Amino acid sequence: MEYTENELEQVEKFASIYLKISDMAVILGIPAESLRSDIADHSTAVSMRYRRGKAASKVKLLAQEMQLAQVGSPLAIENTHRNLLDMEDDE
């Protein structure tokens, strides 16, 4: 399916707040399975925008977690250590 620039922007925004694909589809007025399928295909523009939206919010969350770890939060330190291990596994 072809998406307008406005729809792509909305998908990215919705993904950044972790809105479910089924809810995105309702708002965009398209079948959820079509949107889900297009997002699963990493070669599509909608997939890239969806993943970019999620990643942008993940960056913010990880940065906040790192700040908490730096001031000594035991849970944040543990989570940050796990994030480091996940990062190294992905290298």
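Nothing in this text is a laboratory measurement; each read-out follows from the coordinates by a stated rule. All of these numbers come straight from a predicted model, not from anything done at the bench. Counting neighbours? That spans all protein chains shown, and the Cβs are built from the backbone with ideal geometry, glycine included.
Taking springs between alpha-carbon atoms closer than 10 angstrom, which of 24, 66, 48 fluctuates most in the Gaussian network model of the chain?
Residue with maximal mean-square fluctuation among 24, 66, 48: 66.
Please get the size of the charge dipole for the chain, origin at its Cα centre, with Cβ charges of +1 on Lys and Arg and -1 on Asp and Glu, quoted in debye to the nearest 20.
On the way: 10 positive and 16 negative charges, 66 e Å.
That gives a dipole near 320 debye.
Which log10 I(q)/I(0) values, to two decimals, does the chain give at q = 0.10, 0.12, 0.22 Å⁻¹ under the Debye formula with one point per Cα?
-0.35, -0.48, -0.96
Over the chain, what is the mean sequence separation of C-alpha contacts under 8 Å (at least six apart), divided by residue count, expressed as relative contact order in percent? Show your work: numbers first, answer last.
Working: 71 pairs, mean separation 23.5, N = 91.
Value for the chain: 26 percent.
Calculated FRET efficiency, residue 27 and residue 48, Cβ-Cβ r, R0 25 Å, to nearest 0.05? Could you put the intermediate results ahead of the total?
Numbers: r = 19 Å, r/R0 = 0.78.
Working from the Cβ atoms, E equals 0.80.
Once fully extended, how much extra length lies between residue 85 and residue 5, figured as 0.36 nm per residue of separation less the alpha-carbon to alpha-carbon distance?
Numbers: separation 80, 0.36 × 80 = 28.80 nm, distance 3.66 nm.
Full extension of this stretch gives 25.1 nm more.
Under 10 Å, Cα contacts only: if you run a Gaussian network model on the chain, which one of 26, 71, 11 comes out with the highest mean-square fluctuation?
Top of the fluctuation ranking is 71.
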